[in-house]
Amino acid sequence: MTQEKNWLKGKRVLAVDDEKDVLETIVDILEEARVDTAQDYGSASEKIQNVRYDLAVLDIMGVDGLKLLEQTVERGIPTVMLTAHAVNPEALMESIRKGAVSYLPKETMAELDVLLNDLLAAYERGEPPWKRLFERLGSYFDERFGPGWRQKEKTFWSEFDVTYQVGKGIQERLKRDRRFMDKV
């Protein structure tokens, strides 16, 4: 049996969270990657502007993660939103709209390396990472948000389900993705 490739090995990752213990956990879990950390918006923003990252993992609350997401998308950095307090349909949809490649509850941190490896593999193959996320965590969201949670934003989710392309967010990311820019 062949072992699946470790997509995190050697990758340069930026982890941003206002909680030091969360950052320490991310560094420990992502031991195969080179992880830089930031605990506030200012230092994270500076790192995003000055260092070329392969992946960013951003907390939503406490560090203005959605604003940082705009910067990572601008720089072509695949970004995963990781949150505990903003686990709600609105934050999930806003993450999608702004161009995140995934949205993970902190409750899943024990398997962060596995989830990120799977998402990066999909991203590197040109497959929609969001599809992989919902295959893995769809039941979690259904349980957490309640029955019919997607019905409140039916138009958004209908389009999302049909194409797994998220319009403006993915277009913004693709405009800055070197893998696609070189082919245009």
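The values are calculated or read from the model by the stated rules, or taken from the named source; none is laboratory data. Not measured: the values here are computed from a predicted model. Counting neighbours? That spans all protein chains shown, and the Cβs are built from the backbone with ideal geometry, glycine included.
Find the residue count for segment 64-103, including only residues that are in contact (Cβ under 8 Å) with a residue 60 or more places away in the chain and of a type outside the set (D, E, K, R). Total meeting the criteria: 11.
I need a count of the residues in segment 1-37 that are free of Cβ contacts under 8 Å to residues at least 40 places away in the same chain and in contact with a Phe, Trp or Tyr (Cβ under 6 Å, 6 or more places away or on another chain). Final tally of qualifying residues: 0. In segment 110-121 there is no residue matching the filter, namely being buried (at least 18 other Cβ atoms within 10 Å of the Cβ), touching a strand residue (DSSP E or B) at 6+ places or on another chain (Cβ under 7 Å) and over 26 Å from residue 28 (Cα atoms). If you check 124, 94, 70, 90 for being among the acidic types (Asp, Glu) and either in contact with a Cys (Cβ under 8 Å, 6 or more places away or on another chain) or surrounded by 18 or more Cβ atoms within 10 Å (Cβ to Cβ) (or both), only one passes: 94. Taken over segment 20-37, the criterion of being assigned to a loop (DSSP other than H, G, I, E, B) and crowded, with 18+ Cβ neighbours inside 10 Å is satisfied by 30, 33.
Give 40, 17 a once-over and let me know the one that is more than 16 Å from residue 114 (Cα to Cα), buried (at least 17 other Cβ atoms within 10 Å of the Cβ) and either hydroxyl-bearing (Ser, Thr, Tyr) or in contact with an Asp or Glu (Cβ under 7 Å, 6 or more places away or on another chain) (or both). Being more than 16 Å from residue 114 (Cα to Cα), buried (at least 17 other Cβ atoms within 10 Å of the Cβ) and either hydroxyl-bearing (Ser, Thr, Tyr) or in contact with an Asp or Glu (Cβ under 7 Å, 6 or more places away or on another chain) (or both) holds for just one of 40, 17, which is 17.
Taking the criterion of being more than 19 Å from residue 89 (Cβ to Cβ) and either among the polar types (S, T, N, Q) or more than 18 Å from the chain's Cα centre (by Cα) (or both), the only residue of segment 107-158 that qualifies is 117.
Considering segment 129-156, the residues that are over 25 Å from residue 7 (Cα atoms) and among the aromatic types (Phe, Trp, Tyr) include one that is surrounded by the most Cβ atoms within 10 Å (Cβ to Cβ), namely 141.
When you check residue 83 against the structure, is it surrounded by fewer than 16 Cβ atoms within 10 Å (Cβ to Cβ), hydroxyl-bearing (Ser, Thr, Tyr) and at pLDDT below 90, yes or no? It would help to see each step written out before you state the result.
On the way: surrounded by fewer than 16 Cβ atoms within 10 Å (Cβ to Cβ): no; hydroxyl-bearing (Ser, Thr, Tyr): yes; at pLDDT below 90: yes.
For residue 83, the condition - surrounded by fewer than 16 Cβ atoms within 10 Å (Cβ to Cβ), hydroxyl-bearing (Ser, Thr, Tyr) and at pLDDT below 90 - is not met.
Of the residues that make up segment 38-52, is at least one among the acidic types (Asp, Glu), closer than 21 Å to residue 124 by Cα and in contact (Cβ under 8 Å) with a residue 12 or more places away in the chain? Looking through segment 38-52, none of the residues is among the acidic types (Asp, Glu), closer than 21 Å to residue 124 by Cα and in contact (Cβ under 8 Å) with a residue 12 or more places away in the chain.
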